Amino acid sequence: MSRISQCFEKLKKDGQSALIPYVTAGDPEPWVTVPLLHALVDAGADIIELGIPFSDPMCDGPVIQKACERALKNDVSIISVLKMVKQFREKNQETPIVLMGYANPIESMGYSVFAKQAQEAGVDGVLTVDVPPEESDDFRLTMDEHGIDTIYLVAPTTSEARMKVIASFARGFIYYVSIKGVTGAAALDIEEVTGKLATLRKITDLPLGVGFGIRDGKSAASVAKIADAVVVGSTLVKCIEEHARAERLEELPAAVAGLVAEMRHAINANDLASA
Amino acid sequence: MLKEHIDDYYKTFPDDRGHFGPYGGRFVGETLMGAIYELQEAYEKYRNDPEFLAEMDKDLSTFVGRPSPLYLAENWTRELGGAQIYLKREDLNHTGAHKVNNTIGQALLAKRMGKNRIIAETGAGQHGVATATVAARMGMECIVYMGAEDVERQAQNVYRMKLLGAKVVAVESGSRTLKDALNEALRDWVTNVDDTFYIIGTVAGPHPYPAMVRDFQTVIGREAKQQMLNKTGKLPDALVACIGGGSNAIGLFHPFIEDESVKMYGVEGAGHGIESGQHSAPLSAGRPGVLHGNRTYLMQDDNGEIVETHSISAGLDYPGVGPEHAWLKDIGRVNYESVTDDEALAAFHELTRNEGIIPALESSHALAYARKLAPTMLPDQTLLINLSGRGDKDMHTVAAMAGMNF
């Protein structure tokens, strides 16, 4: 069983939802990332989503676009992202890491080379936002051979027929994109999300994560009531941006971890209320 | 040339998933997949619908001014010595380039799909103007995304679009040019997917765009074939067209692909020279990858990040190319060449002086290559160049090269 599945099993037993923070690797400086990841885990992250910077992040809003630009200015490549994961694994062998990004850096490296090196570095899952199931046969099979979970997106526009195909391809968990739009664009509509997740539950037993549009403890807690995982990205990346200047860098890990801790508290309060 | 791919080319490419060999496909976020299938369905439904085709033909005739003439460039032919040089005069179309052939087709499709909000990306502004033009005529809302740097460089086209009622959004992200405008248009589409039709300006993007835009542009090649047969009694020996995304080239080439005697040359922008790294020639100097919805040749660094491009001509200044061109390169059916800014500029002046036709800087790349090719051919052979646009929009660029400012 993959580290991601083990993580969800354990949380399920405890009656908890996973909290999955997203940060872009190498933002704002390459050396910040690994200490930041440890701080996120300490603050209550169950799984980490680590963004591979890309020059043309067309599914992302301005906050993550700028994060990519900051990382690329420091020459952060897919190879350096894998090195960061390897370094993180020296001190942490439990927390699953999902790489999130766009197809081209992985295409450029070659699926097999990437899969092998990602496995060696300790990557558990990968989500390429611009590779729909239709185009993912080779990719999925290669990742499978190396024990890496392929995470797929389901969107508000996804038909039930497509959900079934996606569910048959997905490993680890399914990521439900809660809004029509780019990352960080708008607040989600909890009723609509509840309905979609109910449909998905009829189709799959995989854990369901929800992302896009979660901004604070309150929205995290309300999503945690209906989903197995809460993904939060732009809010954290915005905080990184605010601490990107040299004189504030030292405070950065603690500031971002503070936001994660607040969300963790809010989610845990749910569990107490329902217990 | 891989002959087995040529004989049944029209039946085989693209396949039903939009693949031209390993190229093309649909590489977009899940939120857009529904819209892409919806578009494909609508296109399949209307592409052979007599009423749709009749409406398009009428617009192409009375609004665009088609068929565009075939012109024998006698003076230039005499000066170069060699093949008889013919020009397909897409520069005489309404709005000044071939772009409008496609925007009319897509806008008619949008109307039938009940989508009243049109978005588009533009580099130099030609596709933006062609889109704003059809949107004005059809009473549709129109938003054009344009790199902030291009907005500054192409103030006149920005004003034209505004006159036509379009909203022009200057894109500040990334390199602030065409590729970033495309990213931003995709972001708009994903946000407003229910009521919005995205009119892509070239033969790139997710399936069905490369095939659909091609089909709207093949009117160029179909007309040219008939016109050459009428005028010379035979097929042309060589075709030459410039390649940015590649829509004017595929429009000319496609109806000739199965005619093996016809040689084809696609000409990319070599900018300051391929070896300088400052160019926009992914077929000549790039490698395959995935960007903007399709797999194709791209200009990228060792890590798969897209690199900035350069061309004197804003319409060629793009790091990718249509997936069908990638395939035609691999199977050897089309020869892909490149010419520098300086060579294009020299050809620009030469045609202007010899024939009294001021070409677009994009089309000047085709002219510059033809200028090298014609003397290697025999006087009883013919060479057909797609003159894809007129040079009015480029006056300030050319003047600036000569040290003048308006």
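The values are calculated or read from the model by the stated rules, or taken from the named source; none is laboratory data. Just so we're clear, the structure is a prediction, and the values are computed from it rather than from any experiment. A quick note on method: Cβ atoms are made from the backbone with ideal geometry, for glycine too, and the neighbour counts reach across all protein chains shown. The accessibility values were calculated without ligands, DNA or RNA, using every heavy atom of the protein model including side chains. Shrake-Rupley method; radii C 1.70, N 1.55, O 1.52, S 1.80 Å.
Under DSSP H, which helices of chain A have Cα atoms covering 24 Å or more of the helix axis and a Kyte-Doolittle average no less than 1.0?
Numbers: long enough: A:252-274 (34 Å, 0.62).
Length and hydropathy pass: none found.
Among all the lysines, which ones have a C-alpha under 18 Å from A:Lys225's C-alpha, if same-chain residues fewer than 8 places away are not counted?
A:Lys10, A:Lys12, A:Lys13, A:Lys196, A:Lys202
Within chain B, which is the longest segment containing none of the GluC sites (Glu not before Pro) that sit in a DSSP loop and have at most 14 other Cβ atoms within 10 Å? It would help to have the intermediate numbers written out before the result.
Details: sites that count: B:Glu172, B:Glu258, B:Glu260.
The reported range is B:1-171.
For chain B, would you read off the P(r) tail past 38 Å as a percentage of all alpha carbon pairs? Don't jump to the answer; show the numbers that get you there.
Numbers: 9853 of 82215 pairs.
Across chain B, Cα pairs with separations above 38 Å total 12 percent.
For the stretch B:320-362 and the stretch A:144-219, write down the distance between their C-alpha centroids in whole Å.
Rounded to whole Å, the Cα centres lie 46 Å apart.
Would you mind getting the accessible area per residue of the protein assembly as shown, heavy atoms of the protein chains only, 1.4 Å probe, in Å²?
Values: 24720 Å² over 681 residues.
The answer is 36 Å² per residue.
Can you divide the C-alpha Rg of the protein assembly as shown by 2.2 N^0.38 Å and report the result to two decimal places? Let's see the in-between values first.
Values: Rg = 26.4 Å, N = 681, 2.2 N^0.38 = 26.2 Å.
Taking N as the residue count of the protein assembly as shown, the ratio is 1.00.
Once you treat every alpha carbon in the stretch B:135-240 as an equal point and sum by Debye, what is log10 I(q)/I(0) at q = 0.10, 0.11, 0.17, 0.24 Å⁻¹?
Scattering profile of the stretch B:135-240, log10 relative to I(0): -0.43, -0.51, -0.92, -1.32.
Ignoring ligands, DNA and RNA, please state the percent of accessible area on the stretch B:1-142 from carbon and sulfur, probe 1.4 Å. Don't skip to the answer; put the middle values down first.
Numbers: 2670 of 5440 Å².
Taking all protein chains in place, the stretch B:1-142 shows 49 percent carbon and sulfur surface.
Name the residue, out of B:Met138, B:Met161, B:Met264, whose mean-square fluctuation peaks in a Gaussian network model built on chain B with Cα pairs under 10 Å.
Fluctuation is largest for B:Met138.
Would you mind computing, in nm to one decimal, how far apart the modelled labels at B:Thr352 and A:Asp205 are, each placed 7 Å from Cα along Cα→Cβ?
Label at B:Thr352, label at A:Asp205, 7.3 nm between them.
Treating the beta-carbon of each Lys and Arg as +1 and of each Asp and Glu as -1, no other charges, what is the dipole magnitude of the stretch A:3-268 about its Cα centre, to the nearest 20 debye? Display every interim value, and only then the final one.
Details: 27 positive and 37 negative charges, 104 e Å.
Once rounded to the nearest 20, the dipole reads 500 debye.
Counting only the backbone N, which residues of the stretch B:342-371 are under 13 Å from the spot 7 Å out from the Cα of B:His272 toward its beta-carbon?
Once the point is set 7 Å along Cα→Cβ of B:His272, B:342 turn out to lie under 13 Å by backbone N, inside the stretch B:342-371.
Once amide H atoms are built 1.01 Å from N in the peptide plane, which residues 5 or more positions from B:Thr340, or in another chain, come under 5 Å H to H?
The list, which skips near neighbours in sequence, is B:Ala270.
Please report how far the C-alpha centroid of the stretch B:365-406 lies from that of the stretch B:26-104, rounded to the nearest whole angstrom.
20
Past the 26 angstrom mark, what percentage of all C-alpha to C-alpha distances in the stretch B:255-406 do you count?
Working: 3400 of 11476 pairs.
In whole percent, the share of Cα-Cα pairs in the stretch B:255-406 beyond 26 Å is 30.
What is the ratio of the Cα radius of gyration of the stretch B:337-406 to 2.2 N^0.38 Å, where N is its residue count, to two decimals? Walk me through the numbers on the way to the answer.
On the way: Rg = 12.8 Å, N = 70, 2.2 N^0.38 = 11.1 Å.
Its radius of gyration relative to the 2.2 N^0.38 Å reference: 1.15.
Determine the dipole magnitude for the protein assembly as shown: charges of +1 sit on the beta-carbon of Lys and Arg, -1 on that of Asp and Glu, nothing else is charged, the reference point is the Cα centre, and the result goes in debye to the nearest 20. Spell out each step's value before the answer.
Details: 66 positive and 92 negative charges, 211 e Å.
Dipole of the protein assembly as shown, to the nearest 20 debye: 1020 debye.
Given Cα positions, please report Rg to Rh for the stretch A:3-268, the hydrodynamic radius being the Kirkwood one.
Details: Rg = 16.9 Å, Rh = 18.2 Å.
Taking Rg over the Kirkwood Rh, I get 0.93.
May I ask for log10 I(q)/I(0) of the stretch A:1-115 at q = 0.12 Å⁻¹, from a Debye sum over the Cα atoms as equal point scatterers with solvent left out?
For the requested q values the scattering log ratios are -0.44.
Using Stokes-Einstein with the Kirkwood hydrodynamic radius over Cα pairs, what translational diffusion coefficient do you get for the stretch A:117-184 at 20 °C and a viscosity of 1.002 mPa s, in µm²/s rounded to a whole number? It would help to have the intermediate numbers written out before the result.
Working: Rh = 12.7 Å.
Roughly 169 µm²/s, to the nearest whole number.
More than 18 Å apart: what percent of Cα pairs in the stretch B:143-195 qualify?
Details: 437 of 1378 pairs.
Tail of P(r) above 18 Å: 32 percent of Cα pairs.
Treat the stretch A:138-275 as a sphere of radius equal to its Kirkwood radius over Cα pairs and apply Stokes-Einstein at 10 °C in a medium of 1.306 mPa s; give the translational diffusion coefficient in µm²/s, rounded to a whole number. Write down the numbers at each step before the final one.
Details: Rh = 16.4 Å.
Translational D for this selection: 97 µm²/s.
Where nothing but the Cβ of Lys and Arg (+1) and of Asp and Glu (-1) is charged, how large is the charge dipole of chain B around its Cα centre, in debye to the nearest 20? If you can, show how the numbers build up before the last one.
Working: 39 positive and 54 negative charges, 190 e Å.
About 920 debye.
Just the Cα atoms of the stretch B:23-116: what Rg and Dmax do they give in Å?
18.8, 57
When the distances between all Cα atoms of the stretch B:57-195 are binned every 5 Å from zero, what whole-number percent does each bin get?
P(r) for the stretch B:57-195, in whole percents per bin: 2, 10, 17, 18, 17, 12, 9, 6, 5, 2, 1, 0.
Please enumerate, by chain and number, the lysines with C-alpha under 27 Å from the C-alpha of B:Lys234, excluding those fewer than 8 residues away in the same chain.
Leaving aside lysines fewer than 8 places away in the same chain, those within reach of B:Lys234 are B:Lys3, B:Lys11, B:Lys88, B:Lys225, B:Lys263, B:Lys329, B:Lys372.
For chain B, modelled as a GNM with alpha-carbon contacts under 10 angstrom, which of B:Lys234, B:Lys11, B:Lys88 fluctuates the most?
Comparing B:Lys234, B:Lys11, B:Lys88 in the GNM, the peak value goes to B:Lys11.
Suppose only helical runs count, i.e. DSSP H with n ≥ 4. What mean residue ellipticity at 222 nm does that imply for chain A under -39500 (n - 2.57) per run, divided by all residues and rounded to the nearest 500 deg cm²/dmol? Working shown, then result.
Details: 12 runs with 138 residues, N = 275.
Rounded to the nearest 500, it is -15500 deg cm²/dmol.
If you take the Cα Rg of the stretch A:217-275 and divide it by 2.2 N^0.38 Å, with N the number of residues, what do you get?
On the way: Rg = 13.5 Å, N = 59, 2.2 N^0.38 = 10.4 Å.
Normalised by 2.2 N^0.38 Å, the Cα Rg of the stretch A:217-275 equals 1.31.
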